[in-house]
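See structure below.
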Amino acid sequence: VMDASTVMWWLEQSQSARERLLRIEKHSLAGALSEFAYWATKRESEAVDEVWGCGATADNVWLANAYRRLNMGVPWTFRADRCYRTMRAMYPRIPKPAFEGTEHDALDDAKNQAVRLIEILKYIREGESK
C-alpha cells in the first residue's frame with residue numbers, strides 16, 4: 001500500500017538514491033518474498049534463527065505482514081526478530097563506519113548496517129571474554 005508521506009520522503013532524497021530506486025529490477029511482491037524465503041532457509045530445515053531489521057516495529061514487521069497479506073508462511077517465528085536500531089542505541093561508542101554506496105539504497109543501507117552490527121557484536125564478545 002502506497003503512503004503519501006513515503007513518496008514525499010523519497011522526493012527529498014538525493015538524485016542518486018531516486019535514480020537507483022527507479023533502475024532496480026522489478027519483482028512481484030510474491031516473487032520477492034518467495035526468493036527471500038528460499039535464500040534465508042536454503043541451509044536450514046526449519047525456520048530462520050535470526051532476522052535483523054532496523055527498528056523493532058519496522059522492517060521485520062513490514063516483511064512479515066507482506067507474507068501474511070499474500071497468505072504465505074513467514075519463514076521465521078517472532079522469537080527470531082532482532083533489532084539493529086536497538087543495538088546501535090545501546091552501543092553508541094562503536095563508531096559508524098564511512099558509508100559505502102548510495103544512502104537509502106536498500107542493499108547499500110543493509111550492507112552498511114551489517115558492517116556496524118558486526119563491530120558491535122565483536123565489542124560485546126570481547127567484553128564477555130575478559
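Values in this text are rule-based calculations from the coordinates and carry no lab data. Please read all numbers here as calculations on a predicted model, not as lab measurements.
Assuming 0.36 nm per residue, please report the length gained on full extension of the stretch residue 41 to residue 98 beyond their Cα-Cα distance.
Fully extending the segment from residue 41 to residue 98 adds 17.4 nm.
Pairs on different chains or at least eight residues apart, Cα atoms closer than 17 Å: how many lysine pairs in the chain fit?
Lysine pair count for the chain: 4.
By how many nm would the segment from residue 30 to residue 110 grow when fully extended, if each residue of separation counts as 0.36 nm and the alpha-carbon distance is taken off? Don't jump to the answer; show the numbers that get you there.
Numbers: separation 80, 0.36 × 80 = 28.80 nm, distance 2.11 nm.
So the chain would gain 26.7 nm between residue 30 and residue 110.
Extension gain residue 78-residue 123, at 0.36 nm per residue separation less the Cα-Cα distance, in nm?
So the chain would gain 13.6 nm between residue 78 and residue 123.
For Cα pairs less than 8 Å apart in space and 6+ apart in sequence, what is the mean separation divided by the residue count of the chain, i.e. the relative contact order in percent?
Averaging sequence separation for qualifying contacts and normalising by length gives 23 percent for the chain.
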